[in-house]
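This report refers to the structure that appears directly beneath it.
The values are calculated or read from the model by the stated rules, or taken from the named source; none is laboratory data. Just so you know, these numbers come straight off a predicted model, no measurement behind them. All Cβ positions, glycine included, derive from the backbone under ideal geometry; neighbour counts span all protein chains shown.
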Amino acid sequence: MYQSPRGKLLQTMESQYLKRSITVSCKQNQLQIGGLDWECGFIDCSLYQNYYILDVDAHGDKKAHIITGNSHSLPFQSDSVDLIILPHLLEFDKHRFQTLREVERVLKAGGELIILSFNPFSFSVRYQFLLESKLSGAFQNHFISRLRVHDWLKLMNFGIIHTVEFNIDTFTIRPGAFKLCRSSFFSMAYGVKAVKKRYTLIPVGMNTQTRSQLVTSSKS
């Protein structure tokens, strides 16, 4: 997909977007699921020494920590990662909902999630995928709409920070949840940045009520 002229332009825009969207500290734990081999365009792994890339075929920038594994069974402890990036992974993941459950498990409360996905309504994307026989099945079976991604994130108690539309030669970031507009049907890809909401633990026990003590004064 990235080999065509439009694909290379999309790669440049996504790289710029990811670079400005990674706002966590270089000492925090970041996880990218699915290697791209052009991570150097948006992350300096010599600075972000806790940047991990998990890929079943060990793809990704060799300066990062490469982990061979499956997205639906992450080899990370629960509540241990500060940022997770899913760059065009869910479209091709047969276990994508289980992957999202794993993402929710390992992400810390208050941790951030960035998802990039191809736009299933884009004519250019459809044409490119139908040309490539290896990808045509993925287009028919796995491409995901914005509304479905929104519903999944809501179900897993994520709050949406902003969304992004990648158009022909520029990208637009909008705060809050997805808002369908004219550009939504012509953009090549879209993305969303969300945060895992924090839970407030309420102790379970006896509900005791303290009666207020009234001080009465007697008249002499």
Under 7 Å by Cβ, and 6 or more places apart or on different chains, what pairs join a residue from region 9-31 that is free of Cβ contacts under 8 Å to residues at least 40 places away in the same chain with one that is among the hydrophobic types (A, V, I, L, M, F, W, C)?
Gln11/Trp38; Ser15/Trp38; Ser15/Phe42; Lys19/Phe42; Cys26/Leu47
So Ile66, is it under 21 Å from Phe143 (Cβ atoms) and of a type in the set (Val, Ile, Thr):
no
How about region 28-95: which strands (runs of 3 or more DSSP E) wholly inside it have at least 3 residues that are under 20 Å from Gly191 (Cβ atoms)?
30-33, 51-54, 81-87
Scan of region 57-92 for residues that are within 15 Å of the chain's Cα centre (by Cα) and hydroxyl-bearing (Ser, Thr, Tyr), ordered by number
Ser71
Pairs where the first residue, in region 174-200, is among the polar types (S, T, N, Q) and the second is modelled with pLDDT under 70, C-beta under 8 Å, 6+ apart:
Ser187/Ser122
Restricting to region 103-149, what's the tally of residues that are at pLDDT 95 or above and either assigned to a strand (DSSP E or B) or farther than 24 Å from Leu54 by Cβ (or both)?
10
